[in-house]
Amino acid sequence: MEAYLDNSATTRCTQRVRDAVVQVMMEDYGNPSSKHMKGVEAERYLKDARETVARTLKVNEKEIYFTSGATESNNWALIGAARANRRAGMHLITTAVEHPAVLMPMQYLEEQGFRVTYLPVDSKGHISLQDLEQALCEDTILVSMMYVNNEVGTVEPIEEAARIVKKYNPDILFHTDAVQAYGKMRIYPKRAGIDMLSVSAHKIHGPKGIGFLYVNEKVKIHPLILGGGQQKGMRSGTDNVPGAAGLAQAAREAYERLEESREHLLDLKKRMTDGLEQMDSVAVLSEKGDSSAPHIVSASFPGVRSEVLLHALEDRGIYVSAGSACSSNKKLPVSAVLKELHLSPELLDSTLRFSFSRYTTAEEIDYCLQALRELLPVLRRYARH
């Protein structure tokens, strides 16, 4: 049996997503910048994709820009907006547990003279709204806060945070990295006070190499990529039409049965969490309920290094993760996110993430739990020697 429990790293494309991508690559392969009928056909795909994504967020289609993925979207949102608004101030706010695709652009902006405040989190990964309120100042121009933490699944209080920011100064921009939230919950940026929002298709059963950035039409932002003037000159480069078609289909499928999928994910999470809590010396880090995402369970297995347990599970056809796939290398460095949770060294070195999709089955969860029950005593004995 095989159990793929690393869906926060990437997901398998669905059949209809694959068909949409192949159709554009093999049949409707024109360049949307071309004036002939093949180009017009390709442009229709882009228009349909924008409309589809915009409907899921209840925003205007002209506020959707396709990118190569969330890393580019985050870089563009932060660097582009900071550059465009630097005359209004040089202070930025983010959290200490962001994905590297946010933290590294913030560090780059610090090198460019901006001042960045990194909000700490509690033991479960939540920021303090009071800390946010105290960090705001006359020089603040942008706040960036991830919607769902990719490693432990913590859901940050985005709407409350945006309300505090906008009450202090409506001109301060609010950005969220929604990679682990989009397709798992309803997000309405205009109602929530979100000015910019980043998404990646391959987290919702879409193709890799495509994502989007929602930018409220009132936001002043500079482009990072210059050239052919595509996407109103805001993101030049030949449009990834197959990717956009696949993203649109994935978004449709994600939101057609969102509530049903969410219930399924919550059931899987409870099954996994209950099973882990019944084992000796296992610490479940992810919270239960609405304060945590339905598809992520992070747990520590003291006495067994995460790398050892990950490969022992892999030998049984069970695929999990140690931290963020985007920031990991083969040596599995200690997660910066877990460090911010103030875990003991023993827990830091023994944490795995299990993440599910709407296609994950209860049988896969049970298979993984049984493997852990068999492996942990053996690996702990081996570690002591």
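The values are calculated or read from the model by the stated rules, or taken from the named source; none is laboratory data. Just so you know, these numbers come straight off a predicted model, no measurement behind them. Here the Cβ positions follow ideal geometry from the backbone for every residue, glycine too, while neighbour counts run over all protein chains shown. Only protein heavy atoms, including side chains, enter the accessible area calculation; ligands, DNA and RNA are left aside. Shrake-Rupley method; radii C 1.70, N 1.55, O 1.52, S 1.80 Å.
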* Asked: How many residues does the stretch 206-215 contain that are open to solvent by less than 10 Å² (accessible area, probe 1.4 Å) and in a loop (DSSP other than H, G, I, E, B)?
  -> 2
* When the residues of the stretch 255-306 are filtered to those that are open to solvent by less than 70 Å² (accessible area, probe 1.4 Å) and acidic (Asp, Glu), which remaining residue is nearest to residue 366 (Cα to Cα)? -> 274
* Asked: out of contact with any strand residue (DSSP E or B) (no Cβ under 8 Å at 6 or more places or on another chain), in contact (Cβ under 8 Å) with a residue 24 or more places away in the chain and among the hydrophobic types (A, V, I, L, M, F, W, C): does that describe residue 308?
  -> yes
* Can you name the residue in the stretch 131-187 that is among the basic types (Lys, Arg) and under 19 Å from the mean Cα position of the chain (by Cα) and is also surrounded by the most Cβ atoms within 10 Å (Cβ to Cβ) among such residues? -> 184
* Structure fact -> Within the stretch 191-203, restricting to residues that are of a type in the set (A, V, I, L, M, F, W, C) and buried (at least 24 other Cβ atoms within 10 Å of the Cβ), the one that is farthest from residue 68 (Cα to Cα) is 194
* Asked: Are there any pairs, at least 6 apart or on different chains, whose C-beta atoms fall under 7 Å, with the first in the stretch 11-27 and farther than 14 Å from residue 248 by Cα and the second assigned to a helix (DSSP H, G or I) and not small (Gly, Ala, Ser), and if so, which?
  -> 11/202; 11/203; 25/242
* Asked: Which residues, counting only those in the stretch 76-102, are within 16 Å of residue 176 (Cα to Cα) and either surrounded by fewer than 21 Cβ atoms within 10 Å (Cβ to Cβ) or free of Cβ contacts under 8 Å to residues at least 12 places away in the same chain (or both)?
  -> 79, 96, 100
* Asked: Being in contact (Cβ under 8 Å) with a residue 24 or more places away in the chain, crowded, with 19+ Cβ neighbours inside 10 Å and part of a strand (DSSP E or B), is that true of even one residue in the stretch 41-55?
  -> no
* Kindly list the number of the only condition in (1) assigned to a helix (DSSP H, G or I); (2) open to solvent by less than 50 Å² (accessible area, probe 1.4 Å); (3) under 30 Å from residue 25 (Cβ atoms); (4) basic (Lys, Arg) that fails for residue 252. => (2)
* Kindly list, by first and then second residue, each pair from a residue in the stretch 219-248 that is within 17 Å of residue 83 (Cα to Cα) to a residue that is assigned to a loop (DSSP other than H, G, I, E, B) and basic (Lys, Arg), limited to pairs with Cβ atoms under 9 Å and residues at least 6 apart or on different chains. => 223/235; 224/235; 225/235
